[in-house]
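The structure appears below as structure tokens.
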Amino acid sequence: MVQRVCSLIVAAALVVIGVATSAGAQSPHLDGARKEGKVVWYTSLALQSAEKVAKLFEAAHPGIKVEVHRTGSQRVLQRLMQELQANIRNADVVHTSDAGHFVLLKNKKLLMKYTPADADRLPAGFKDKDGFHYGLRATVSVIAYNPKIVPAGEAPRSWKDLLDPKWRGKLVTAHPGYSGVIATHVLALVNLHGWDYFKKLAENKPMIVQSAVDPPGVVASGERPVAANTADYNAYATKKKGNPIEIVIPQEGVPLVVSPTAITAFAPHPNAAKLFTDFSFSREVQQVLADSEGLYTGHPEVKYPADKPKLSELKLLQVDPEELERRNEEIKKRFVEFFGA
Amino acid sequence: MPGVLLKELIKRYGEDVAAVQNLTLEVKPRELVALLGPSGCGKTTTLRLVAGFLKPDAGEIWVGDHCLSSPAMVVPPERRRMAMIFQSYALWPHMTVAQNVAYGLRFKSALSRGDRERRVREMLGVVQLGGFESRYPGELSGGQQQRVAVARALVVEPEILLLDEPLSNLDANLREEMRFEIRRLHERFGITTLYVTHDQAEAMVISDRIAVLERGRVVQVGTAQELFEQPRTRFVAAFIGRTNLVHATAAGPDTIAQGDLRLRVAASNLKPGAAVAVSIRPHAIRLRDVAMPTGEAGANLVRGRVERAAYLGDAVDYEVGVTGSDVRLRVSALPGLSFRPGDAVVLEVPVAACVPLADSAD
Amino acid sequence: MERAVPVWILAAVTLVVLMALPLGWLGWVSVSSEQGATLAHYAAVFQDPHLQKALWNTVVMAFWVGLASLAVGAPMAWLTARTDLPGKAVIRGLIMASFVTPPFLGAFAWVMLAGPNAGLLNKLYRGLTGSPEPLVNIFSMPGLIFVVAIYTFPYVYIMMVNTLALIASDLEEAASILGAGRLRVAATVTVPLVAPAMLSGFILAVLQALALFGSPAILALPAGFHTITTQIWAFFHYPPKMEMAAAFSIPLLLATALLLQLQKRLLGRRGYASIGGKGGQRRNIPLGRWRYPALAGCLAVLACAIFLPYSMLAKAALARSWAQPMTWDNLTASNFTFTFFEYSATKSAILNTLELGVLTATVGAGLAALLAYVANRRLILGHQVLAFLALAPVVIPGVVLAVGLFIAYTRPPFLLYGTLWILFVAYVTKEMPVGYSQADATFKGVHAELEDAGRILGAGRLRVLGEITAPLARSGIIATWCFIFIGVIRELSASIILFTPNTRVMSVVIFDLKEEGQFGAIAVLGLFMLVMTFATVILMQRVLGRDFMGVRE
């Protein structure tokens, strides 16, 4: 049972320290990266965002391509392990929303120890104590609803509200077997309300989609008026495009999902991987993630849109990556047990 | 022009099915021999052995002084200097008539292009298809396709010509016409020819000699007349023309008996007491009124009663029950005489028309 | 027989690589454990209530798909083959279109059409009736059966049309003249004559449904239930349970083999269905006042299979939001620009698909032609075995094949996983039966006497092959090529297990996009896939139509 309010940590992170990035100075990895010519990025960052980051990198580093392989967090891990089993060493940089994955990968000695250029300024929750992985971005899992169908007054206010039978057939949930955000979400809520919560939620027969990116689309289209969970940034991005969707910050608090990134121990393009990792922690990229995608980041200088609550204002539900890794199978198995698929 | 000699050929399909068993046959130079038999008798297999598409399991095939097939070695079809006309005509649908006919000439290097074209034209003239050079086979009638197939085979001036039921796809009128056409072409070109057919009338019109095949063997070879008048076995007698088969017992060296029926036959070496089958052609029997005096001296005279009569226009077909015997004979008589069922008659059966068959004991 | 040796070595190697190795490993992994051979995996698979349910779901789905296909395909076959239904050619063309439509695209379009709340048809229904309930919920077992059946009924249709075309009207008229009414003729003569074809069409439809992955993944998973194929796929999720996947594959493999055996028996006794096939004439039965109602029925089915889904895909491709009305504001080209210019996976997926399609179709058609030629002309001893080998993969569902290939080729001596070759092997294996049947029919159509005629006139075997056989078989072989190509570009059930990020094909990319709800991009890629498919179909029809110039029958 880990329910910690860590606004302190995050608040600290958000204090502007004001150290300029080494703009203009050439990276020690640049020459090596040029020779390697590309970096292979296995990522669970939403597709459009991932492609945008790749384009930015390619624009800043002509001649070095980014190969984006975007899929759900759990699929990223599946791919990586399946390939290793077949002796395929393809991935340079791995990024998922399931912090447990990085515990697993570190234990299996599959990660390279590397500290990105600006990473020492990241807040504690974004740093691996051994220096193998760092939080590239963070989001919280939230409830979302379609205001055209559900009047604001009737919208659910808490996670427990979703158990009301009036939502029967009206919910959509993403899948912890696919999404790292949702795996984290499930563990946080299990720690809060117990497995019983999901057993009851399943009785409301939610539609099951895979990615945490998907529920906002489902809600906006009206297919299901309420998302029982989704990543805040996806809902935010959907709303920004003018879709009918509103975000609810449930009273019990919101699960914080920090999505780490790391370089693989076997990276075929190690220099490009380092250059890319440095770049992805640069203020420029971190600001893009915050601006256009509505993500939270660990970068102290990043400014957030005015209509987004500060992390420090939120009641955060945190999960321990070690526990997430340990209970990974249990989470998927019981979820499938309750929800059927 | 060489002849063809098939020596004790055996061809098996699978373990125990022998399509051709110990088949021996000689085709003399410039002769046209028909292989005649019902379907499944091995006649097409024999032809394909001669063509070199199949390898014999035993025996040899000689053309002139060359052995072309033996179990050890088969000269491939393309080097046999033969031509073949197939049941399906096997015209290539993607080539014009001229291209089809010219195909075999391409392998005769001595011919110039002009010679080739001239010979194709001439040959198409011979088969009465002048002017059809640029048509495709699909645009021709069945008879025209048949002529193209003939032209394609003859234009290469083969040493041996093989025909596999070439007329069976034509309708009856055309078939009769083509019989004479093929015979005419044979007389004109004089190519040694093997002709496979199951139609005895066709074989009789076209061939110099007929080899009757039964279950992979040649049972009798001879001219149409020999086979008709002197069939050696029941199979041949029944297959070539209609006949009466009388199953009886030898009563003397030249006499058989069945009940009260006694017949002298065209033989002098029967063993008394042995079973004998005798073939009597229906048209060889003459029918008389009981009251009429006897005609030809020495002919068998048999009493009987008309059981059925059928008027056929150019003949009347009778079935006559022989008195004192269960033998029934069919008689083909001229329409001038007229008997009714129930009339008592005398049958006059010439001795020479009663042909004892070799496989009587079977 | 010395010339047969290379052919045999080739056949043996092909057999091992294509079938023996994957299936051998599959069988072995399903019974192996660290302590040696065991049946524990089977016990685990069959005792788990969750997996039992997946099995049962599959049985239910396949059975109803079979029945529904029969209920739709059989009347349509009769109408187009034997009656004076108007617009028969168009209807045939549309049925062929539904035959080549990738089922997962149809399923995807139907999500947008009949999702219980946002689905356009349900919205329309609620708007018209004021009812709060949806008309249909596509995320359900009946919904799944419906969507699978509308793309499976052409199997029944094709079987039946071919059989009906062989029955001479005389047979039916003989019954009428004896006093039987029209219905009675149908019941006592027509139906019994086509019964084997109906049953075997039913079995084919069931087999299709059993092996399908895309539609259940799109429709069953959101509804919270699994089928065998989606469950096998789920076994690959981390941490992978390969032995369970293998053990769960075996029942699917056995069921397929059994059903095919049954179908073969039914067809083997079909002889009587073709009585009078040659001489008999076929006269169209007048439908009278039922002509237009029958036409409407056919069009309704085709609306479900073609018109509605295709328009839905077109709308989703052009709209900012597919669920909103098609106004100017909602119109956008951004789905196209994103799919083709911003999404980096598109280009490589299209290239991979094309590369695999061309390679598989070329090698597959070549191999199929070689095997069919050798078998048809009985060139070597044991040619029947070759034919059997070429047709055998038909019993292996795509997912099962993929599990076997994955196990076999992620370890020495053949490390193919991670390359396009493993997909190539999967596709060649999967498409070989189709390719072989096509090539076989082609060579059966080229009468052996045509070759013999060339030989006896002086051309050698190779020359005959080049100048006579090849030109005559060309259109058939090109058609074979097209068949395989179409099969490859739509393949999902094996690809979904065998791809790696560098070897993604279009179907996999579409499936990936589906998992994150990128409707616009899916629609764009889906339409692109359909364009490729129909271009190939048109090419095939051209080729087949033109070259039939002089074939006399």
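Within the stretch A:78-112, the set of residues being in contact (Cβ under 8 Å) with a residue 60 or more places away in the chain and part of a loop (DSSP other than H, G, I, E, B) comprises A:R89, A:N90, A:A91, A:D92, A:T96, A:S97, A:D98, A:K109, A:L110. Which residues, taken from the stretch B:170-221, are at positive phi and in contact with a strand residue (DSSP E or B) (Cβ under 8 Å, 6 or more places away or on another chain)? Answer for the stretch B:170-221, where residues must be at positive phi and in contact with a strand residue (DSSP E or B) (Cβ under 8 Å, 6 or more places away or on another chain): B:R215, B:G216.
Scanning for something within 14 Å of chain C (Cβ to nearest Cβ), under 27 Å from C:L121 (Cβ atoms) and touching a residue at least 40 places away in the same chain (Cβ under 8 Å), does the stretch A:242-261 turn up at least one residue? Yes, the conditions are met somewhere in the stretch A:242-261.
Out of the helices (runs of 4 or more DSSP H) lying entirely within the stretch C:160-267, which hold 1 or more residues that are buried (at least 19 other Cβ atoms within 10 Å of the Cβ) and within 14 Å of chain A (Cβ to nearest Cβ)?
Working: elements: C:169-177, C:182-185, C:191-211, C:214-219, C:228-235.
Output list reads C:214-219, C:228-235.
Taking the stated definitions as given, is A:A267 assigned to a helix (DSSP H, G or I), over 30 Å from C:W322 (Cα atoms) and touching a strand residue (DSSP E or B) at 6+ places or on another chain (Cβ under 7 Å)?
Numbers: assigned to a helix (DSSP H, G or I): no; over 30 Å from C:W322 (Cα atoms): yes; touching a strand residue (DSSP E or B) at 6+ places or on another chain (Cβ under 7 Å): yes.
Here the answer is no, as A:A267 does not meet what is asked.
Could you grab me the full set of residues in the stretch B:81-94 that are crowded, with 20+ Cβ neighbours inside 10 Å and either in a helix (DSSP H, G or I) or more than 7 Å from every other protein chain (Cβ to nearest Cβ) (or both)? Correct list: B:I85, B:Y89, B:L91.
Quick check, is A:A237 small (G, A, S) and in contact with a strand residue (DSSP E or B) (Cβ under 9 Å, 6 or more places away or on another chain)? Let's see the steps before the verdict.
Working: small (G, A, S): yes; in contact with a strand residue (DSSP E or B) (Cβ under 9 Å, 6 or more places away or on another chain): no.
Answer is no for this residue.
Could you say whether any residue in the stretch C:20-37 is in contact with a Ser or Thr (Cβ under 9 Å, 6 or more places away or on another chain) and surrounded by fewer than 21 Cβ atoms within 10 Å (Cβ to Cβ)? Looking through the stretch C:20-37, at least one residue is in contact with a Ser or Thr (Cβ under 9 Å, 6 or more places away or on another chain) and surrounded by fewer than 21 Cβ atoms within 10 Å (Cβ to Cβ).
Residue-wise test of (1) at pLDDT below 90; (2) within 14 Å of chain C (Cβ to nearest Cβ); (3) within 25 Å of A:K160 (Cβ to Cβ); (4) surrounded by fewer than 23 Cβ atoms within 10 Å (Cβ to Cβ).
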site	(1), (2), (3), (4)
A:V218	no, yes, yes, no
A:A228	no, yes, yes, no
A:K240	yes, yes, no, yes
A:A272	no, no, no, no
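The residues in the stretch C:347-380 that are farther than 16 Å from C:A441 by Cβ, surrounded by 18 or more Cβ atoms within 10 Å (Cβ to Cβ) and of a type in the set (G, A, S) can be counted, and the count is 3. Could you please let me know if A:A267 is among the aliphatic types (A, V, I, L, M) and closer than 29 Å to A:G153 by Cα? Answer is no for this residue. For the stretch C:124-133, does any single residue satisfy the condition of being of a type outside the set (G, A, S), within 20 Å of C:V72 (Cβ to Cβ) and free of Cβ contacts under 8 Å to residues at least 24 places away in the same chain? Within the stretch C:124-133, none of the residues are of a type outside the set (G, A, S), within 20 Å of C:V72 (Cβ to Cβ) and free of Cβ contacts under 8 Å to residues at least 24 places away in the same chain.
Considered as a group, the residues in the stretch A:51-68 that are without any contact (Cβ under 8 Å) to a residue 40 or more places away in the chain and more than 8 Å from chain C (Cβ to nearest Cβ) include one that is nearest to A:A272 (Cα to Cα), and that residue is A:K65.
Among the residues of the stretch B:107-126, the ones that are surrounded by 17 or more Cβ atoms within 10 Å (Cβ to Cβ) and either in contact with a Leu (Cβ under 8 Å, 6 or more places away or on another chain) or more than 13 Å from B:A151 (Cα to Cα) (or both) come to 5 in all. Remark: pairs (first residue in the stretch C:465-484, under 14 Å from C:G364 (Cβ atoms); second residue of a type in the set (D, E); Cβ separation under 7 Å; 6+ apart in sequence or on different chains) = C:I484/C:E431.
The single residue among B:R113, B:R147 that is more than 30 Å from B:A203 (Cα to Cα) and either more than 12 Å from chain C (Cβ to nearest Cβ) or under 24 Å from the mean Cα position of the chain (by Cα) (or both) turns out to be B:R113. For the stretch A:295-320, what are the residues that are at pLDDT 90 or above, surrounded by fewer than 24 Cβ atoms within 10 Å (Cβ to Cβ) and of a type in the set (S, T, N, Q)? Answer for the stretch A:295-320, where residues must be at pLDDT 90 or above, surrounded by fewer than 24 Cβ atoms within 10 Å (Cβ to Cβ) and of a type in the set (S, T, N, Q): just A:Q318.
Conditions tested, residue by residue: (1) touching a Gly at 6+ places or on another chain (Cβ under 8 Å); (2) buried (at least 18 other Cβ atoms within 10 Å of the Cβ).
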{"residue": "B:S134", "(1), (2)": "no, no"}
{"residue": "B:L140", "(1), (2)": "no, yes"}
{"residue": "B:Q146", "(1), (2)": "no, yes"}
{"residue": "B:A149", "(1), (2)": "no, yes"}
{"residue": "B:V156", "(1), (2)": "yes, yes"}
{"residue": "B:L167", "(1), (2)": "no, yes"}
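Being buried (at least 19 other Cβ atoms within 10 Å of the Cβ) and within 23 Å of A:V68 (Cβ to Cβ) is the filter here; which residues of the stretch C:317-346 pass it? Answer for the stretch C:317-346, where residues must be buried (at least 19 other Cβ atoms within 10 Å of the Cβ) and within 23 Å of A:V68 (Cβ to Cβ): C:A317, C:N335, C:F338, C:T339, C:Y343, C:S344, C:A345, C:T346. Say we look at the stretch C:55-103 and pick out the residues that are polar (S, T, N, Q) and crowded, with 20+ Cβ neighbours inside 10 Å; which of these is nearest to C:L199 (Cα to Cα)? Looking at the filtered set, the residue picked out is C:S69. Number of residues in the stretch A:175-200 that are away from chain C (no Cβ under 12 Å) and either over 20 Å from A:V258 (Cβ atoms) or not hydrophobic (A, V, I, L, M, F, W, C) (or both) equals 11. Answer yes or no: is there a residue in the stretch C:320-341 that is within 30 Å of C:A68 (Cβ to Cβ) and either within 13 Å of chain A (Cβ to nearest Cβ) or at pLDDT 90 or above (or both). So far as the stretch C:320-341 goes, yes, one or more of its residues are within 30 Å of C:A68 (Cβ to Cβ) and either within 13 Å of chain A (Cβ to nearest Cβ) or at pLDDT 90 or above (or both).
Tell me which residues, restricted to the stretch C:445-463, are hydrophobic (A, V, I, L, M, F, W, C) and either facing chain B (nearest Cβ under 7 Å) or crowded, with 21+ Cβ neighbours inside 10 Å (or both). Don't jump to the end; show me each part of the working.
From the stretch C:445-463, those hydrophobic (A, V, I, L, M, F, W, C) are C:446, C:448, C:450, C:453, C:456-457, C:459, C:462; that's our starting set.
If the condition is that a residue be hydrophobic (A, V, I, L, M, F, W, C) and either facing chain B (nearest Cβ under 7 Å) or crowded, with 21+ Cβ neighbours inside 10 Å (or both), then C:V446, C:L450, C:A453, C:I456, C:L457, C:A459 are the ones that fit.
Here's the yes/no breakdown for (1) in a loop (DSSP other than H, G, I, E, B); (2) under 23 Å from C:A255 (Cβ atoms); (3) of a type in the set (F, W, Y):
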{"position": "C:K347", "(1), (2), (3)": "no, no, no"}
{"position": "C:N352", "(1), (2), (3)": "no, no, no"}
{"position": "C:V363", "(1), (2), (3)": "no, no, no"}
{"position": "C:G366", "(1), (2), (3)": "no, no, no"}
{"position": "C:A372", "(1), (2), (3)": "no, no, no"}
{"position": "C:A375", "(1), (2), (3)": "no, no, no"}
{"position": "C:L379", "(1), (2), (3)": "yes, no, no"}
{"position": "C:V385", "(1), (2), (3)": "no, no, no"}
{"position": "C:L405", "(1), (2), (3)": "no, yes, no"}
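On the basis of being within 14 Å of chain C (Cβ to nearest Cβ), within 24 Å of B:D199 (Cα to Cα) and either surrounded by fewer than 23 Cβ atoms within 10 Å (Cβ to Cβ) or among the β-branched types (V, I, T) (or both), does B:T24 make the cut?
The answer is no for B:T24.
Give the residue that is nearest to the other protein chains (Cβ to nearest Cβ), with candidates limited to residues of the stretch C:415-434 that are assigned to a helix (DSSP H, G or I) and more than 20 Å from the chain's Cα centre (by Cα). First the steps, then the outcome.
We begin by selecting, within the stretch C:415-434, every residue assigned to a helix (DSSP H, G or I); these are C:420-434.
Next, only the ones that are more than 20 Å from the chain's Cα centre (by Cα) stay: C:420-422.
On the way: C:L420: 13, C:W421: 12, C:I422: 9 Å.
It comes out as C:I422.
Residues in the stretch A:14-50 that are within 11 Å of chain C (Cβ to nearest Cβ), part of a helix (DSSP H, G or I) and at pLDDT below 90: A:L47, A:Q48.
The values are calculated or read from the model by the stated rules, or taken from the named source; none is laboratory data. If you're wondering where the values come from, they're calculated on a predicted model, not measured in any experiment. Neighbour counts are summed over all protein chains in view; Cβ atoms, including those assigned to glycine, are modelled from backbone coordinates with ideal geometry.
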